[in-house]
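Peer 1: Once you've had a glance at the structure underneath, I'll fire off some questions.
The values are calculated or read from the model by the stated rules, or taken from the named source; none is laboratory data. Remember, it's a predicted structure, so these values are computed and weren't measured experimentally. Positions of Cβ are backbone-derived with ideal geometry, glycine not excepted, and every protein chain shown enters the neighbour counts. The accessibility values were calculated without ligands, DNA or RNA, using every heavy atom of the protein model including side chains. Shrake-Rupley method; radii C 1.70, N 1.55, O 1.52, S 1.80 Å.
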Amino acid sequence: MSFEEFYKELSYINASRENRLKYAHMVLNDMSLFPKLMDILFMVDDKVSSRAAWVFEFVCEKYIYAVVPYLDTFTKNIHKIHLDSSVRPVSKVCEYITKAYYSKNPNTIKNTLNPVHKERIIEACFDWMISDQKVAPKVYAMESLFLYGTDNDWIYSELTQILEQDFQKQSAAFKARAKRTLLKIKKSKAS
């Protein structure tokens, strides 16, 4: 399928889980579509990029290793994502990558996620934490930052400061997750 044909296909997606899953399976069954999906994802001012982000999230949920050959491209461009409907799935994929990296089981992400990739993800996560984002991207960023903080002390102090400053202005869902994260940071520092 050509780039133009795939772009047109993605323009038909609606937000239903079933529909996003259908297109994710299309990509999983033909991985030559994955780089095209990423190209569309990073057409950040185009509404179809959000649809690509939905599919991208589902592909990575099912098979996170699809992103491995493209970690450089992905991490170089995540800071460009700005549409609400794209930020949430991209922040979720960052969380998938981070969880795979910190998994107890050996995996390809542990071997390929380099310090520059991590730095770019950490930077994007902090940007989502301090900008006017909805709760979901902040929660995914919070989880990723907590994990990266196990290797970088400075992350915990920055994250703690952001969570405490932002606490009163946020929703109940954010407050609940922030409390839990602050508690995990305290426990981690104590051990």
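Peer 1: In the range 21-55, which residue that is hydrophobic (A, V, I, L, M, F, W, C) and not in a helix (DSSP H, G or I) is farthest from F6 (Cα to Cα)?
Peer 2: Filtering the range 21-55 for residues that are hydrophobic (A, V, I, L, M, F, W, C) and not in a helix (DSSP H, G or I), the one farthest from F6 (Cα to Cα) comes out as V44.
Peer 1: Separate question: Pairs under 7 Å by beta carbon, first residue among the basic types (K, R) in the range 101-130, partner surrounded by 15 or more Cβ atoms within 10 Å (Cβ to Cβ), six or more apart or different chains?
Peer 2: K110/Y101; K118/Y148; R120/T75; R120/I78
Peer 1: Return the residues of the range 121-144 that are open to solvent by 60 Å² or more (accessible area, probe 1.4 Å) and within 13 Å of the chain's Cα centre (by Cα); say none if nothing qualifies.
Peer 2: Of everything in the range 121-144, those that are open to solvent by 60 Å² or more (accessible area, probe 1.4 Å) and within 13 Å of the chain's Cα centre (by Cα) turn out to be E123, D127.
Peer 1: Just a yes or no: is a residue in the range 73-90 of a type in the set (D, E), modelled with pLDDT of 95 or more and in a helix (DSSP H, G or I)?
Peer 2: No; the residues of the range 73-90 include none that is of a type in the set (D, E), modelled with pLDDT of 95 or more and in a helix (DSSP H, G or I).
Peer 1: So V139 ticks every box in (1) without any contact (Cβ under 8 Å) to a residue 40 or more places away in the chain; (2) part of a helix (DSSP H, G or I); (3) over 18 Å from K92 (Cβ atoms) but one. Which box is left unticked?
Peer 2: Failed condition: (3).
Peer 1: If you don't mind, there's one more thing I want to ask. Yes or no: I97 more than 15 Å from F56 (Cβ to Cβ) and part of a helix (DSSP H, G or I)?
Peer 2: No: the conditions fail for I97.
Peer 1: Scan the range 145-191 for residues that are in contact with a Gly (Cβ under 8 Å, 6 or more places away or on another chain) and open to solvent by 20 Å² or more (accessible area, probe 1.4 Å) and jot them down.
Peer 2: Residue satisfying the conditions is S188 alone.
Peer 1: Show the residue pairs that are 6+ apart or on different chains and have beta-carbon atoms under 8 Å apart, the first residue being within the range 1-25 and without any contact (Cβ under 8 Å) to a residue 12 or more places away in the chain, the second being surrounded by 12 or more Cβ atoms within 10 Å (Cβ to Cβ).
Peer 2: Partner pairs satisfying both residue conditions: N19/I13.
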